[in-house]
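In what follows, a single structure is set out as structure tokens and then discussed.
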Amino acid sequence: MTITITKKAYDPEFVRKVEEISGQNFHMCMQCGTCSGGCPMTELMDCPTRRILLLTHYGMKEAVMAANTHWFCAACQTCYVRCPRGIDIPRVMEAIRQIALRENINYVEPADIPQEVLEELPQIALVSCFRKHTS
């Protein structure tokens, strides 16, 4: 994923919203990569966690929203426990997910799930999925 940072792409409102919703000062991130190195979901993410923090710091909303990282974050707290700056990264990912959902950007479209899958999956799994991935 190649991203060019330009002044025109900077969205200060996005940065403010992530700070407000998460309650975290993600600007303290020193890009050590400990979060990405310990994340059990990294293999599924198209953009490492530390890069998402950097892009969020620079207000690159389109690039952050285009990545699947915030959808795949399991909120396992491994990155938070290992972060030398004490940034609660799962809260930042949840804030980004909330911003996407408030803009009606769904990761899972319930109508697109095949009937056979709906019949086989436990209802609790569906409810959990819809809570996290749909607006």
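The values are calculated or read from the model by the stated rules, or taken from the named source; none is laboratory data. Computed from a predicted structure; not experimentally measured. All Cβ positions, even for glycine, are placed from backbone atoms using ideal geometry, and neighbour counts span all protein chains on display. When the accessible area is computed, the model is the full protein with side chains, heavy atoms only, and any ligands, DNA or RNA have been set aside. Shrake-Rupley method; radii C 1.70, N 1.55, O 1.52, S 1.80 Å.
Counting each DSSP H run of 4 or more residues in the chain as -39500 (n - 2.57), what helix-only mean residue ellipticity at 222 nm follows after dividing by all residues, to the nearest 500 deg cm²/dmol?
Mean residue ellipticity, 222 nm, calculated: -14000 deg cm²/dmol.
A crude spin-label estimate for the pair E119 and C32, with each label 7 Å from Cα along the Cβ direction, gives 5.2 nm.
Going by the alpha-carbon gyration tensor, a ≥ b ≥ c the square roots of its eigenvalues, is segment 60-135 rounded (a/c under 1.5) or, if a/c is not under 1.5, prolate (a/b greater than b/c) versus oblate? Please report the intermediate quantities before stating the final value.
Details: a/c = 3.01, a/b = 1.63, b/c = 1.85.
Verdict is oblate for segment 60-135.
Could you give the dipole magnitude of segment 1-74 about its Cα centre, charging the beta-carbon of Lys and Arg +1 and that of Asp and Glu -1, in debye to the nearest 20?
Details: 7 positive and 7 negative charges, 41 e Å.
Magnitude of the dipole: close to 200 debye.
If I compute Rg/Rh (Cα atoms, Kirkwood Rh) from the structure I just sent, which labelled value in [x] 0.99; [y] 1.14; [z] 0.92 lines up? So the structure-derived entry is [x].
For a label point 7 Å from the Cα of K8 along Cα→C-beta, name the residues of segment 26-70 whose backbone N is under 16 Å from it. Backbone N within reach: 60-63.
Using the Karplus relation 6.51 cos²θ - 1.76 cosθ + 1.60 with θ = phi - 60°, the per-residue 3J(HN,Hα) values for segment 124-132 come to 4, 5, 5, 4, 4, 4, 5, 4, 8 Hz, with x marking Gly and Pro. Here the accessible area is traced with a 1.4 Å probe on the protein chains. For the chain, carbon and sulfur cover 52 percent of it.
Cysteine residues of the chain whose Cβ has no partner cysteine Cβ closer than 4.7 Å: C29, C32, C39, C47, C73, C76, C83, C129.
Working from label points 7 Å from Cα in the Cα-to-Cβ sense, the T42 to H57 distance is 1.8 nm.
For the peptides 16-27, 54-65, 124-135, the ranking by packing is 54-65, 16-27, 124-135, with the highest mean count of neighbouring Cβ atoms within 10 Å listed first. When each of the peptides 78-90, 101-113 is scored by how many other beta carbons lie within 10 Å of its residues on average, the order from highest to lowest is 78-90, 101-113.
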